[in-house]
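Data first, discussion second: the structure below is written as structure tokens.
The values are calculated or read from the model by the stated rules, or taken from the named source; none is laboratory data. Everything quoted here is computed from the prediction, not taken from an experiment. Virtual Cβ from ideal backbone geometry, glycine too; neighbours counted across all protein chains shown.
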Amino acid sequence: MFTLNPQSSTPLVLQIVAGFRTAIDDGELRSGSKAPSIRQFAHAHNVSVFTVVDAYDRLVAQGYFASRPHSGFFVKQRPSSVAELPGHGPNFSFDSMWYLRRIFENRALRMKPGCGWLPGDWLFQDGVRRGLRSLAADDVDVGGYGEPKGYPPLRKLVRDLLAEQEISVTSEQVLLTQGSSQAMDLVARRLVRPGDAVLVDDPGYPNLLFSLRFLGARLIGVPRIPSGYDLVALERLVIEEQPKVFFTQPRLQSPTGSIAQLAHLHRVMQLADKHDFLVVENDIYADLDPEPRPSLASLDQLNRVIYISSFSKTISPNIRVGYLAANPDLLEDLAQLKMISGLTSSEFSERLAHGALTDGRCRKHVKGLRERLAKAHVDAASRLLDVGFEIFCEPKAGIFLWARHPAVADSAELAYKAAEQDILLGPGHLFSPDLQTSPWLRFNVIFCDEPALFAFLQAQCQAP
């Protein structure tokens, strides 16, 4: 059918995609015919199974293949007009969500240094259990939907927590959501229209980037540096692109771990005021920061800033409780959109979160969590440096380190090889606004304690 060239500068996954596309466009493979199975193709061409998985899923995304459960992949009926093809539309950009589902979030792999979560024994399990017992003993109304903005006592508690960060709000300016992901989705759907220029961190948060692409936004990456933002690039992009909104994570940013300095926060708000754009601040790692710091929201007091956070990193991600705070008019719009798209959020989960947060042992748990993370950072950084990695910055807080090795040009290829060894890595292209090949990798410091991981990295990163 076609051959692959391992010596080519074109990655193997792109060679496979191009080969099948040509065969289909030329009529060599007809509509409805079955493609070789992933394992058959991998064996026949001596390539990684994960490379073929990625290629086949890109072909699904581009409208060339259809996936049928338990049957395999089949050539899809082709539209009559090239303009109708998913890969040829004006706003199309391939997204790696299929890769995210199959590999990046694959909890079946034994070692998970590329994951984005905390292990269960690092979370507030005892507090959640006590909260569950308390709820079981209470006469909780299970017949209603709850308040549109969320459980009132928890909204008041969030108000008080924000006051500790010098963000002044009323409880009516707080909207509880099903995790920070729903909060970001609501804000994106309220603010973004197809074709809008939207600033995002580069590198940034994959799920947000996918959501914005799905809405048809033009993603404009603002380069991150260890001290925050490349301010020269930021100002140039603002002037050239006239963005509608800037989605950013100033503190303990994923994937870099960087923390924006106060001067950088001030400059962001100066540019927002001058050029009239909104700022969405994702601050989900605030509780993991041992230092009290100003936020964009504390500088702006929610005039232009929409503030998002959650309790997933300190209590439990399973209870799916997050929140956003915004100016009153915008908050009412977002509350209405929340009701339209999914009615209320779970009052049961919100009561559970409230019980855990008001548990007298919660603050001690968070303090201990910060201390454990600081030690894990030191240990992981030392091991990565020993193997020859360059580390973007060392915050000694939060969950992530962003690192690259001079012998690795494409971290995705390393991730494929790692998956075959039962290791989950976080390759850099997943965090790129334009999905560019990247040598960088995101490491979760909690899961960087296995000698087998560093033995693998040492073997793969040796100079040829």
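Do we find that L337 is of a type in the set (A, V, I, L, M, F, W, C) and modelled with pLDDT of 95 or more in this structure? In short, no. When Y307 is tested against the conditions (1) under 26 Å from A272 (Cα atoms); (2) surrounded by fewer than 22 Cβ atoms within 10 Å (Cβ to Cβ); (3) not charged (D, E, K, R), the lone failure is (2).
Listed conditions (1) of a type in the set (S, T, N, Q); (2) free of Cβ contacts under 8 Å to residues at least 60 places away in the same chain; (3) under 27 Å from L331 (Cβ atoms); (4) surrounded by fewer than 23 Cβ atoms within 10 Å (Cβ to Cβ) are all met by Q178, apart from (2).
Listed here are the residues, each with its yes/no results for (1) under 25 Å from N318 (Cβ atoms); (2) among the aromatic types (F, W, Y).
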{"position": "R370", "(1), (2)": "yes, no"}
{"position": "E413", "(1), (2)": "no, no"}
{"position": "D422", "(1), (2)": "yes, no"}
{"position": "G428", "(1), (2)": "no, no"}
{"position": "S432", "(1), (2)": "no, no"}
{"position": "T437", "(1), (2)": "no, no"}
{"position": "F454", "(1), (2)": "no, yes"}
{"position": "L457", "(1), (2)": "no, no"}
{"position": "Q462", "(1), (2)": "no, no"}
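Per the listing D185, D160, D196, D138, the residue uniquely among the charged types (D, E, K, R) and under 23 Å from F400 (Cβ atoms) is D185. Looking at segment 204-232, which of its residues are modelled with pLDDT of 95 or more, part of a helix (DSSP H, G or I) and surrounded by 15 or more Cβ atoms within 10 Å (Cβ to Cβ)? The one that is modelled with pLDDT of 95 or more, part of a helix (DSSP H, G or I) and surrounded by 15 or more Cβ atoms within 10 Å (Cβ to Cβ): L231. Just one of the listed residues (I306, I239, I315, I259) is in the same structural domain as L209 (by TED's automatic domain parsing) and either closer than 30 Å to D126 by Cα or of a type in the set (K, R) (or both), namely I315.
Among the residues of segment 400-438, write down those that are part of a helix (DSSP H, G or I) and small (G, A, S). S411, A412, A415, A418, A419, G428 - these are the residues of segment 400-438 that are part of a helix (DSSP H, G or I) and small (G, A, S).
Scanning segment 21-47 for residues that are surrounded by 18 or more Cβ atoms within 10 Å (Cβ to Cβ) and assigned to a loop (DSSP other than H, G, I, E, B) returns L29, A35, V47.
Does K338 fit the bill of being in contact (Cβ under 8 Å) with a residue 12 or more places away in the chain, touching a His at 6+ places or on another chain (Cβ under 8 Å) and either assigned by TED's automatic domain parsing to the domain that holds L302 or over 27 Å from S134 (Cβ atoms) (or both)?
Against the criterion (in contact (Cβ under 8 Å) with a residue 12 or more places away in the chain, touching a His at 6+ places or on another chain (Cβ under 8 Å) and either assigned by TED's automatic domain parsing to the domain that holds L302 or over 27 Å from S134 (Cβ atoms) (or both)), K338 does not qualify.
In segment 445-464, the qualifying residues are those that are part of a loop (DSSP other than H, G, I, E, B) and under 13 Å from K112 (Cβ atoms), and the one that is modelled with the highest pLDDT is C448. P6 satisfies every condition listed in (1) surrounded by 12 or more Cβ atoms within 10 Å (Cβ to Cβ); (2) of a type outside the set (A, V, I, L, M, F, W, C); (3) within 25 Å of H429 (Cα to Cα) except (1).
Across segment 286-303, the number of residues qualifying as in a loop (DSSP other than H, G, I, E, B), over 23 Å from the mean Cα position of the chain (by Cα) and either among the hydrophobic types (A, V, I, L, M, F, W, C) or crowded, with 19+ Cβ neighbours inside 10 Å (or both) comes to 1.
If you go through segment 48-64 and pick out every residue that is within 25 Å of D422 (Cα to Cα), within 23 Å of the chain's Cα centre (by Cα) and either touching a residue at least 60 places away in the same chain (Cβ under 8 Å) or surrounded by fewer than 18 Cβ atoms within 10 Å (Cβ to Cβ) (or both), you end up with 3. Only one of the numbered conditions (1) of a type in the set (S, T, N, Q); (2) touching a Gly at 6+ places or on another chain (Cβ under 9 Å); (3) under 30 Å from A407 (Cα atoms) is violated by S382, and that is (2).
Would segment 428-444 turn up any residue that is modelled with pLDDT of 90 or more, hydroxyl-bearing (S, T, Y), under 30 Å from A197 (Cβ atoms) and over 14 Å from the mean Cα position of the chain (by Cα)? Yes.
Consider L324 carefully, then state whether it is crowded, with 16+ Cβ neighbours inside 10 Å, in contact (Cβ under 8 Å) with a residue 40 or more places away in the chain and in a helix (DSSP H, G or I).
no
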